[in-house]
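Some notes on the structure that comes next.
The values are calculated or read from the model by the stated rules, or taken from the named source; none is laboratory data. Not measured: the values here are computed from a predicted model. We place every Cβ from the backbone using ideal geometry, glycine too, and count neighbours over all the protein chains shown. Accessible surface areas use protein heavy atoms only, side chains included; no ligands, DNA or RNA. Shrake-Rupley method; radii C 1.70, N 1.55, O 1.52, S 1.80 Å.
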Amino acid sequence: MITTPPLVIAVDGPAASGKGTIAKALARHYGLPFMDTGKLYRACGLAVRLAGHDPYDSDAAAQAARQLDPALLDDPDLMSALNSDYASIVSSHPAVRAVLFEVQRSFAKQSGGAVLDGRDIGTVIAPDAIAKLFVTAAPEVRAQRRHAEQAGRAKETGGSDQTLADVLADIHARDARDSGRSAAPLVQASDAALLDTSNLSIAAAVAAAIALVEKARAQHSR
């Protein structure tokens, strides 16, 4: 009797590439549970901020990860520009990644399958995933998307948003940190399909992602 392995979909890519939107759409399409792994690191960064610690302090960051309060995942400040910087910094600590690794791996091991998005899903968290996507876009495009997102959030909260130039600088800095860290750096898995969303609408990007997943499933069943 041939058994069908659970459909695990790994969606990796840099900040503001569209990977989160695509991963959520894939989860809805296939009826699978979804995890935005970046929120775990954002919550860890927020915990460090609220405690008044330096995000470069690996011991403090690891302690925050071990004692992570799930309520922080819904905190309004989770997606702020400042917290994005904290998240990127704390995620570079091997000790933090080790703590959060088990949470992510357990989610990916569900018997019915799952969709996870992040930066090391296809390489570290779920290296045996049936379908792997590496979603990217030009830095300028990603900066425009993030700037528009932050401007919209600023109108709702009454806060101020960064300039486009500032956001682009942050994008470049985060790319450098994510790709250059020693622990689980951002890198395209050798068997991941590349999806460049620079010139794609959301609908077109999702359709392309579904097609890539179906292609991977067909190849896996051979």
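If ALA184 satisfies every condition in (1) assigned to a helix (DSSP H, G or I); (2) open to solvent by less than 80 Å² (accessible area, probe 1.4 Å); (3) more than 20 Å from LEU26 (Cβ to Cβ) but one, which is the exception?
Against the list (1) assigned to a helix (DSSP H, G or I); (2) open to solvent by less than 80 Å² (accessible area, probe 1.4 Å); (3) more than 20 Å from LEU26 (Cβ to Cβ), ALA184 comes up short only on (1).
Yes or no, residue by residue, for (1) in contact with a Cys (Cβ under 7 Å, 6 or more places away or on another chain); (2) among the hydroxyl-bearing types (Ser, Thr, Tyr); (3) under 16 Å from ASP36 (Cβ atoms); (4) open to solvent by 40 Å² or more (accessible area, probe 1.4 Å):
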position: MET79; (1), (2), (3), (4): no, no, yes, yes
position: ASN83; (1), (2), (3), (4): no, no, yes, no
position: GLN110; (1), (2), (3), (4): no, no, yes, yes
position: ASP120; (1), (2), (3), (4): no, no, yes, no
position: ALA138; (1), (2), (3), (4): no, no, no, no
position: GLN144; (1), (2), (3), (4): no, no, no, yes
position: ALA165; (1), (2), (3), (4): no, no, no, yes
position: HIS172; (1), (2), (3), (4): no, no, no, yes
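Which of the residues that make up region 99-119 are part of a helix (DSSP H, G or I) and basic (Lys, Arg)?
ARG105
Is it true that some residue in region 17-40 is more than 22 Å from ALA192 (Cα to Cα) and over 15 Å from the mean Cα position of the chain (by Cα)?
Restricting attention to region 17-40, the residues satisfying the condition of being more than 22 Å from ALA192 (Cα to Cα) are 39-40.
Checking the rest, the ones that are also over 15 Å from the mean Cα position of the chain (by Cα) come to none.
Checked against the condition, which is being more than 22 Å from ALA192 (Cα to Cα) and over 15 Å from the mean Cα position of the chain (by Cα), region 17-40 yields no hits at all.
When you look at ALA209, is it under 21 Å from ASP36 (Cα atoms), in contact (Cβ under 8 Å) with a residue 24 or more places away in the chain and either open to solvent by less than 20 Å² (accessible area, probe 1.4 Å) or of a type in the set (Asp, Glu) (or both), yes or no?
Taking the combined requirement at face value, the residue satisfies it.
Which condition breaks for ALA204 when tested against (1) out of contact with any strand residue (DSSP E or B) (no Cβ under 9 Å at 6 or more places or on another chain); (2) aliphatic (A, V, I, L, M); (3) touching a residue at least 40 places away in the same chain (Cβ under 8 Å)?
Unmet for ALA204, out of (1) out of contact with any strand residue (DSSP E or B) (no Cβ under 9 Å at 6 or more places or on another chain); (2) aliphatic (A, V, I, L, M); (3) touching a residue at least 40 places away in the same chain (Cβ under 8 Å): (3).
Here are the criteria: (1) over 16 Å from the mean Cα position of the chain (by Cα); (2) at pLDDT 95 or above. Tell me which single one ALA192 does not satisfy.
(1)
For residues that are open to solvent by 60 Å² or more (accessible area, probe 1.4 Å) and of a type in the set (S, T, N, Q), scanning just region 29-75, find the one that is farthest from ASP85 (Cα to Cα).
GLN67
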